[in-house]
1. So if I take the alpha carbon set of the chain, get Rg, then get Rh from the Kirkwood formula, what is the Rg over Rh ratio?
2. Can you give the Rg/Rh ratio of region 9-87, where Rg is from the C-alpha atoms and Rh is the Kirkwood radius?
3. Taking θ = phi - 60°, what integer Hz values does the Karplus form 6.51 cos²θ - 1.76 cosθ + 1.60 yield along region 114-126, in sequence order, with x for Gly and Pro?
4. Using the basic label-point model (7 angstrom from Cα toward the beta carbon), what is the PHE112 to GLU161 distance in nanometres?
5. Quote to one decimal, in nm, the extra length available between ALA11 and VAL86 on full extension: 0.36 nm per residue of separation minus the C-alpha distance between them.
6. Find me the longest stretch of the chain that has none of the exposed GluC sites (Glu not before Pro), where exposed means in a DSSP loop (not H, G, I, E or B) with at most 15 other Cβ atoms within 10 Å.
7. Can you figure out the FRET efficiency of SER62 with ALA94, using R₀ = 22 Å and their beta-carbon distance, to the nearest 0.05?
8. Please report LYS57, LYS41 as a ranked list, fewest other C-beta atoms within 10 angstrom at the top and most at the bottom.
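Any read-out appearing in this document is the output of simple, stated calculations on the displayed coordinates, not a laboratory observation. What you are looking at is a predicted structure, and each value in this text was computed from that prediction instead of being measured. Using ideal geometry, Cβ is built from the backbone for each residue, glycine included, and neighbour counts are taken over all protein chains shown.
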Amino acid sequence: MRSYRQYCSIARALDVVGDRWTLLIVRELLLRGASRFTDLKAGLPGVAANLLSSRLKELEESGIVRRQYVGPPVASQLYDLTDDGVELEPVLQALGLWGLRYMADDRRHDAFHAEWLAYAASWSTVDTEPDGPPAMIQLEADGERAVVELGDGQVRCRVGEAEPADLTLRGPRRTILGLLMGRIDLPIATELGLSSDGDTQLLHRLRPSPSLRKTSRHGFPTLPARAIQQPRRPADDGVV
């Protein structure tokens, strides 16, 4: 493990979690809980097996990840976060909120999993009707499914299907994200390929969290309407 060799808490933290893939491994364990190696690799498209193994070993040595064997019916070795690892959640939340300003750029070759859309809604929105009845919103984007659950003043999200859903939103991932983050409204989202089925008034209960408004000196981190509305030319697409 490389070190910046600086007596600074930021540098010391980056000594532990600053390598490529490390924080994304933490992201997956926060979202999935205890996971097999194969599950982690599936959730990290592009990572080589030997590199993932190396990063997990480093995280174990740093006390961020623990490994345990679980007997039948699982009968597998599982990786999970320690208490120190779980304390990285607000760090990833802050990075995720800050990074929203770049999400208007939808490179069509980028990998996408439903849990990434789910945590964006969970970390970035609040229920404006804390006394409102429980409700479930089904999200379907690019063949991936996630559920937004409203109730007790909380916004909870998970991967999977809602049975039954009070509202279903289907469309491009960028359009759904822009709608959930309040950067575009339902009529614009519909023009951009979104279809909805159910009680669209539930969207009024979702609002960007106050912390989201504080992540930019210029106000709300921008998903520019023009950038969202105008698809990029094929020549601009690709992996960077």
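1. Ratio of gyration radius to Kirkwood radius for the chain: 0.99.
2. We get a ratio of 0.96 for region 9-87.
3. Taking θ as phi minus 60°, the curve returns 4, 5, 6, 6, 5, 5, 4, 5, 5, 7, 10, 10, 10 Hz for region 114-126.
4. Here the answer is 2.0 nm between the modelled labels.
5. Working: separation 75, 0.36 × 75 = 27.00 nm, distance 1.96 nm.
So the chain would gain 25.0 nm between ALA11 and VAL86.
6. Working: sites that count: GLU87, GLU161.
Longest run free of exposed loop sites: 1-86.
7. Values: r = 20 Å, r/R0 = 0.92.
So, using R0 = 22 Å, E works out to roughly 0.60.
8. Details: LYS57 13, LYS41 17.
Fewest to most other Cβ atoms nearby, the residues stand as LYS57, LYS41.
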